[in-house]
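Student: Before I ask anything, here is the structure I am working with.
The values are calculated or read from the model by the stated rules, or taken from the named source; none is laboratory data. What you see is a predicted model, and the numbers here were worked out from it, not measured in a lab. FYI the Cβ positions are ideal-geometry reconstructions off the backbone, even for glycines, and counts take in every protein chain you see.
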Amino acid sequence: KAAGFAAEATAFQRPVLLPEDLHQILDLGINLVHVSHPSDVVLLEDMARSRGCCLRISLRVANESPRLSLLGFMSRRLGLSPGDALAAARSVVSSSHLRLTGINFYVGTQQRSPAGFARAFRSAMALAARIYAELGTPVEEVNLGGGIPSTSLYRATPLDLVFGRQPRGIPDVATARLEAFCRSLSELFVQAARRAGLATRPGLAAEPGRSVAGNAGVLITRVRAIKGNWAFLDASRNYLAESPLLLKRKVVCAARPMERTTRTYHLSGATLNTTDVMDFRRRLPPLEVGDALALADAGAYSLARASRYAGLAPAAYLVGRDGVIRIIRPAETVRELGGARIPV
């Protein structure tokens, strides 16, 4: 509510639902829940009956991405198999306290092309058709989750790491407006609905958080030391938690953004954590101690996931349309770090 979102337009999901979480969201007026585990339906039925309400249910279907994808492998642990999803649909439809409204899935972050959603669309529509044929219940909405990409971030491949290939943007997004990307998604969705023979096409929903907020933020850091090919920064992965082995972002030397002469650097974070490496084999102008670097795409999953490990939260600034820079959150101090603790 404080962020401006209506409770009825908000969905709640966890890998496994817990009663204490459900009580909290119901108290807030949220009644749309994504089901990812077979036991969730029983819990939701009992919860809705005890509170005398009706909950809307969307079935999370497990990812069917290629087996060689590391992100795909990790995301496949979440969600229902097609068989479990159909069984869950039967239980929901038979309940007087639950209403089946949707199917949702997640194909993985930073999809380079709308084609990355095609298989998931076909699977979702096939499941919707089976639900309607067996239970007579139309699926109202298919939620494709995230995956719509930010234009300043891209998924790294093993070849990028081996050969030190540099980020060149995402052609399918960078050369066309984001609206065109979404229009292609819509066309794929309509095609999948036609092939499944659905008399009534579900609505298509998306959660484009990263594509909206990702390139709205930039992390500014300085080079504090150079040792061979290593440049040591005063920022760390405490602020940008995602691994450079999976995702790459643009890095610009503020003093020499157009410099053609480059060297290869590994960018070290500011902590002693062995994995605190901001990037590998990045081509940059010859760096000097004190140089400022701008790391793009720091607007999503950065401050919200920041860690206090071996450091304090940095200051955050807002650049207005008028060009004025305003501080919106001061840097954390040692006093604040210990101030929240209860004396014993």
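Student: Would the range 250-267 turn up any residue that is surrounded by fewer than 13 Cβ atoms within 10 Å (Cβ to Cβ) and either part of a strand (DSSP E or B) or in contact (Cβ under 8 Å) with a residue 60 or more places away in the chain (or both)?
Tutor: yes
Student: When you scan the range 58-70, do you find a residue that is surrounded by fewer than 22 Cβ atoms within 10 Å (Cβ to Cβ), farther than 24 Å from G147 by Cα and either modelled with pLDDT of 95 or more or more than 16 Å from the chain's Cα centre (by Cα) (or both), even just one?
Tutor: No, the conditions are met nowhere in the range 58-70.
Student: In the range 126-156, how many residues are among the small types (G, A, S) and part of a loop (DSSP other than H, G, I, E, B)?
Tutor: Of all residues in the range 126-156, those among the small types (G, A, S) come to 126, 128-129, 133, 136, 145-147, 150, 152, 156.
Now narrow it down to the ones that are part of a loop (DSSP other than H, G, I, E, B): 136, 145-147, 150, 152, 156.
Going through the range 126-156 one residue at a time, the tally reaches 7.
Student: Name the residue, out of P208, P202, P285, that is surrounded by 20 or more Cβ atoms within 10 Å (Cβ to Cβ) and at pLDDT 85 or above.
Tutor: P202
Student: Kindly evaluate V41 against the criterion of being part of a helix (DSSP H, G or I) and at pLDDT 95 or above.
Tutor: yes
Student: Being β-branched (V, I, T) and either assigned to a helix (DSSP H, G or I) or closer than 20 Å to G203 by Cβ (or both) is the filter here, so list the residues in the range 81-124 that pass it.
Tutor: Correct list: V92, V93, T101, I103, V107.
Student: Assigned to a strand (DSSP E or B) and touching a Phe, Trp or Tyr at 6+ places or on another chain (Cβ under 8 Å): which single residue out of A294, A225 fits that description?
Tutor: On the way: A294 fails: touching a Phe, Trp or Tyr at 6+ places or on another chain (Cβ under 8 Å).
Criteria check complete, one pass: A225.
Student: To continue, here is another question. Could you count how many residues in the range 98-119 are within 25 Å of H37 (Cβ to Cβ) and either free of Cβ contacts under 8 Å to residues at least 24 places away in the same chain or of a type in the set (D, E, K, R) (or both)?
Tutor: Initial filter on the range 98-119 (within 25 Å of H37 (Cβ to Cβ)): 98-109, 117, 119.
Remaining after also requiring either free of Cβ contacts under 8 Å to residues at least 24 places away in the same chain or of a type in the set (D, E, K, R) (or both): 99, 119.
The number of residues fulfilling the criteria is 2.
Student: Would you check if A292 is modelled with pLDDT under 85 and in the same structural domain as K227 (by TED's automatic domain parsing)?
Tutor: no
Student: Mind telling me which of the residues G169, G116 ends up being assigned by TED's automatic domain parsing to the domain that holds A88, under 19 Å from the mean Cα position of the chain (by Cα) and at pLDDT below 85?
Tutor: Only one candidate qualifies: G169.
Student: Do the conditions hold for I30, that is, is it of a type in the set (A, V, I, L, M), under 20 Å from G209 (Cα atoms) and in the same structural domain as L59 (by TED's automatic domain parsing)?
Tutor: Judged against the criteria, I30 is a match.
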